[in-house]
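Some notes on the structure that comes next.
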Amino acid sequence: TYVIFTSDNGFHMGLHRLVEAKGTPYLESVEVPFVVRGPSVPEGGSFEQLAANIDIAPTALDLAGVKVPSWMDGRSLRPFFDGGNSAPDSWRTAVLIENMDGAGERPRPAYAGVRYQEEVYVEYANGEKEYYDLTMDPYQLENRPEDAPQATKDMLGALKDCAGDSC
């Protein structure tokens, strides 16, 4: 038996001057806990590679011994359960982050973005952009879209259009 604990999103409680908000491209909303316990999962282990909610289903299938269909987005995280010693040489370097139009008291425009380990770039449906170098600005306080590398912008375009094994 394996137990998986996670969440669908983070939640702002005053961070970035947002009260009771979620669905933003900020790390507090994008990063969520992911904890697995079960056979061959050592207690207290962790890994730094980028994972996403699209990896949950392939991980559950892999743990159950079921072949992951090629059309399914995401990859099993099982190789990281031993501290990354079994991790594949080729693992993603970027993750697509996106959200649809927000409704309610504080509506937000839809966005698509790319998250690297050390940077975040976002394009909103209204044309606005955000870019953060997380090494220099880990709390995403100084938006500098003019500093976004062209390769990062290109990666966003590639991720928005991929599916299954093509990703």
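The residue list ASN53, ASN143 contains one member that is of a type outside the set (Lys, Arg), over 19 Å from CYS162 (Cβ atoms), surrounded by 14 or more Cβ atoms within 10 Å (Cβ to Cβ) and touching a residue at least 12 places away in the same chain (Cβ under 8 Å), which is ASN143. Looking across region 54-99, the residues that are among the aromatic types (Phe, Trp, Tyr) and assigned to a loop (DSSP other than H, G, I, E, B) come down to TRP71, PHE81, TRP91.
Considering (1) open to solvent by 40 Å² or more (accessible area, probe 1.4 Å); (2) among the charged types (D, E, K, R); (3) modelled with pLDDT of 90 or more, the lone condition that ARG115 does not fulfil carries the number (1). Scan region 118-140 for residues that are open to solvent by 90 Å² or more (accessible area, probe 1.4 Å) and acidic (Asp, Glu) and jot them down. Matches in region 118-140: GLU118, GLU128. Taking the criterion of being touching a Ser or Thr at 6+ places or on another chain (Cβ under 6 Å) and either without any contact (Cβ under 8 Å) to a residue 12 or more places away in the chain or more than 20 Å from SER90 (Cα to Cα) (or both), the only residue of region 115-140 that qualifies is TYR121. Are any residues in region 64-98 closer than 16 Å to GLY45 by Cβ, free of Cβ contacts under 8 Å to residues at least 24 places away in the same chain and either under 18 Å from the mean Cα position of the chain (by Cα) or surrounded by 11 or more Cβ atoms within 10 Å (Cβ to Cβ) (or both), and if so, which ones? Within region 64-98, SER76, ARG78, PRO79 qualify. If you go through region 26-40 and pick out every residue that is assigned to a helix (DSSP H, G or I) and not hydroxyl-bearing (Ser, Thr, Tyr), you end up with 3.
The values are calculated or read from the model by the stated rules, or taken from the named source; none is laboratory data. Since this is a predicted model, take the numbers as computed values, not measurements. Reconstructed Cβ throughout: ideal geometry from the backbone, glycine too, with neighbour counts over all protein chains shown. The protein model used for the area step is the full one, side chains on, heavy atoms only, and it has no ligands, DNA or RNA in it. Shrake-Rupley method; radii C 1.70, N 1.55, O 1.52, S 1.80 Å.
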